[in-house]
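Quick note: the coordinates plus some simple rules give every number you see, no bench work behind them. Predicted model, so just to flag it, every value in this text is computed and none were measured. Every residue, glycine as well, gets a Cβ built from its backbone with ideal geometry; the counts of neighbours run over all protein chains shown.
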Amino acid sequence: MSPGSGIAVFGGTFDPIHQGHLAVAKDVKARLGFQEVVFVPAGDPWLKADREVTAAEHRLEMVRLAVDGNPGFGVSTIEIDRPGPSYTVDTMEQLRRELGPGARLAFVLGADALAGLDAWKEPQRLIQLCCLVAFARPGFPLPALEPLEAAIPGLSRRVTFVEVSQVDVSASDIRRRVAKGLPIRGMVPEAVERYILEHRLYKGPLGATGP
Ligand code: ATP
């Protein structure tokens, strides 16, 4: 990872990665001029403790297949390699150390995630380590910043809102469709679709669960 014109980190469970995630990464990179968008699959996504999550090796491989051949996208195993719950603040702290204090470093998150930021580990410290890039997604308009600012003083100065193409796809819907034997063509890149079918992902109880 090199600083260049900056790194935007896109964290998520990516169970599986889909066209909605890829559209966000493409738009954030193009609109805000980052050198690279780095996908960081969560090792142990504490926010998804209510459901079983697919093994990290599968989620990572699907992210690798999805970004393969796109020079503007990267993948980091930083959270998968770190034991314990995957807290964003720990990830950004490690990246800030690697990139140095002057590097442009951002964390990309959907409106749904931004709305719940006050429940994350050390959000105050997080916004000191990096700025945030937030986007609306289908069904999740941007939240009002005032209550968040009250909980995390200084937040509004550290958030940039970016408009992204709205792709109405969700990972939970994809898992449900696969479990029912329905097609997912066009919702994920072809290589990811093949991987899901070959490894029989989301066929068991995993596919049937989730919000
Ligand atoms: P699930 O349906 O399993 O909850 P998810 O796709 O919402 O999955 P993550 O894989 O953790 O969950 O998502 C990573 C990030 O991508 C989050 O910031 C989320 O807001 C965003 N995101 C998810 N789906 C879309 C979409 N269709 N368009 C834009 N952003 C999305």
Practice task
Quick one: compute the contact order of segment 79-152, relative version, from alpha carbon pairs under 8 angstrom and 6+ residues apart, as a percent.
Solution key: 36
Fill in the blank from the handout: Computed over all unlike Cα pairs, the Kirkwood hydrodynamic radius of the chain in Å stands at 17.5
Fill in the blank from the handout: Rounded to the nearest Å, the spacing of the alpha-carbon centers of segment 119-143 and segment 1-57 is 13
Problem - DSSP beta bridges in the chain [antiparallel fraction, %, rounded to 5] - result: 5
Exercise for the section: Scan the chain and hand back the longest stretch that contains none of the trypsin sites (Lys or Arg not before Pro) lying in DSSP loops with at most 13 other Cβ atoms within 10 Å. Expected result: 1-120
Problem - Rounded tilt (10° steps) of 19-32 against the dominant C-alpha axis of the chain - result: 30
Exercise for the section: Show which lysines lie in cross-link reach of K121 when reach means a straight Cα distance below 21 angstrom and same-chain residues fewer than eight apart are skipped. Expected result: K48
